[in-house]
Amino acid sequence: MLITVFVQNEAGSNQKNYHNEKTLEYLSTKPLSRPYPYPYGFIVGTTASDGCNLDCFVITGQPLKTGQTMQCEVIGLMEQIEDGIEDHNILVIPAGESRRISPKIEAVLTEFVLNVFRHIESKRMKVGRFLGTAQAEAYIASHRDPKARA
C-alpha cells in the first residue's frame, strides 16, 4: 500500500512543528525533551480519533525536510496512548526502500515516545504492541477521509 506522507518534523530535531493537517499550513513550533529519531509526520487524507491525521514515523536514513510530501510504503503500526486517548503511529518507509521493524527500531521509538514530552508534567504516554503491515493497512483504511476513499 502506497500512502502520501507530509513530513512535519525532521530526524534529529527537538522542535515539534504544528500544521493545520488538512490544509498543511504551518501554525507554530514548540520544544521537545528528545530529538526525533526518524522523520515524523502524518498521512494525508486520514483522520484519527483525536481529529488530527494519522501520525507516522518514516523509518529511513534519508535527510527528509519539514514540508516535504512523499510516497511511502506501510511496514507496521506502533500502538500509543497519549493522555488516555488512542494515538497510534503508522511506521512507513520511502517508496522503493526496503526495511523491516527490528527490535532496535522498536526500542528507539519506545524510548522516544515515553520521553519526548518529559518537560510537560501532566503528559502521560504509553506504548503498546508493534503490529505488522496488514494491521497497519487495515487501521489506515478505517481512518481514511470519505473524500480520500473515492
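Odds and ends about this structure:
- Integer Hz, Karplus 6.51/-1.76/1.60 couplings in order for segment 129-144, x for Gly and Pro: 7, 9, 10, x, 4, 4, 5, 5, 5, 5, 5, 4, 4, 6, 10, 5
- Shape category assigned to the chain from the gyration tensor of Cα positions, a/c cut at 1.5: rounded
- Euclidean distance of C-alpha centroids, segment 68-133 and segment 1-63, integer Å: 11
- Between residue 114 and residue 100, full extension at 0.36 nm per residue minus the direct alpha carbon distance yields a gain of 2.8 nm.
- Above-threshold pairs, the threshold being 25 Å between Cα atoms, out of 30/126; 22/65; 65/126; 30/104; 65/123: 65/126; 30/104; 65/123
- Ellipticity estimate at 222 nm from DSSP helix runs (n ≥ 4, -39,500 (n - 2.57)) divided over the chain, nearest 500: -5000 deg cm²/dmol
- For residue 16, the aspartates and glutamates whose Cα falls under 15 Å of its own Cα, not counting residues fewer than eight places away in the same chain, are 25, 55.
- Packing order of peptides 117-129, 81-93, highest average first: 81-93, 117-129 (average count of other Cβ atoms within 10 Å over each peptide's residues).
- Taking Lys and Arg as +1 and Asp and Glu as -1, the other residues whose beta-carbon sits under 10 Å from that of residue 17 total +1.
Only the coordinates and a few stated rules stand behind these numbers; no lab work does. All values derive from a computational prediction rather than experimental measurement. With ideal geometry, Cβ positions are generated from the backbone for all residues, glycine too; neighbour counts draw on all protein chains shown.
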